[in-house]
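Please read the structure below before turning to the comments.
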Amino acid sequence: QVQLVESGGGLVHPGGSLRLSCAASGSMFSRSVMRWYRQAPGKQRELVASATSSGVTDYLNSVKGRFTISRDDAKNTLYLQMNSLKPEDTAVYYCNTDWRGLGYWGRGTQVTVSS
């Protein structure tokens with residue numbers, strides 16, 4: 001059983017920063033690709049960033065240079081450092097992984113960027 005719990009969301013002004021965390025249960029973390037998705041109101045969920053077990057990362061074009069995904073395998077925790085936030089980054093952010101053919105999602109954390 002895999003459980004993912006996100007935290008760190010909140011309200012921030014444009015240009016501000018937030019750091020999201022995703023705590024994972026289970027022994028799969030260090031061997032899994034971990035991802036951050038987001039879903040804005042009225043829009044489809046989109047992949048924001050991913051990090052493989054070997055440390056290869058990938059980003060949505062619109063967040064490149066502003067967001068950084070990282071992982072601490074010793075703590076079973078995934079992070080998303082978000083800088084220079086824009087109103088269009090407002091969304092619920094979800095942690096995701098796949099393990100043994102099943103997909104797992106956290107419940108999400110709300111990020112609101114507004115003046």
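The values are calculated or read from the model by the stated rules, or taken from the named source; none is laboratory data. Everything numeric in this text was worked out from a predicted model, so none of it was measured. Ideal geometry is used to build each Cβ from the backbone, glycine not excepted, and the neighbour counts take in all protein chains shown. Heads up: the accessible areas ignore ligands, DNA and RNA and are worked out on the full protein's heavy atoms, side chains in. Shrake-Rupley method; radii C 1.70, N 1.55, O 1.52, S 1.80 Å.
Worth pointing out:
- Residues of region 25-50 with amide N under 18 Å of a point placed 7 Å along Cα→Cβ from THR112: 39-43
- Surface share of carbon and sulfur [accessible, 1.4 angstrom probe, percent] for region 47-115: 46
- Other residues whose C-beta falls under 13 angstrom from the C-beta of GLY106 contribute a net charge of +3, scoring Lys and Arg +1 and Asp and Glu -1.
- Other residues with beta-carbon under 14 Å from the beta-carbon of LEU4 carry, at +1 per Lys or Arg and -1 per Asp or Glu, a net charge of +2.
- Proximal aspartates and glutamates to LYS75, defined as alpha-carbon separation beneath 16 angstrom and excluding residues fewer than eight positions away on the same chain: GLU6
- Net charge of neighbours whose Cβ lies under 9 Å from the Cβ of GLN39, counting Lys and Arg as +1 and Asp and Glu as -1: +2
- For the chain, the solvent-accessible area works out to 54 Å² per residue, with a probe of 1.4 Å and every protein chain left in place.
- Take the Cα of SER30, go 7 Å toward its beta carbon, and the backbone nitrogen atoms of region 68-100 under 20 Å from that spot belong to 70-79, 97-100.
- Sequence-separation-based contact order of the chain, relative, with Cα cut under 8 Å and 6+ spacing, percent: 37
- Between THR57 and SER70, the distance separating the two model label sites (each 7 Å from Cα on the Cα→Cβ line) works out to 0.8 nm.
- The Kirkwood radius of the chain, taken over pairs of alpha-carbon atoms, gives through the Stokes-Einstein law at 4 °C and 1.567 mPa s a diffusion coefficient of 92 µm² s⁻¹.
- Reach of LYS86 by Cα under 22 Å, taken over lysines that are not fewer than 8 positions away in the same chain: LYS43, LYS64
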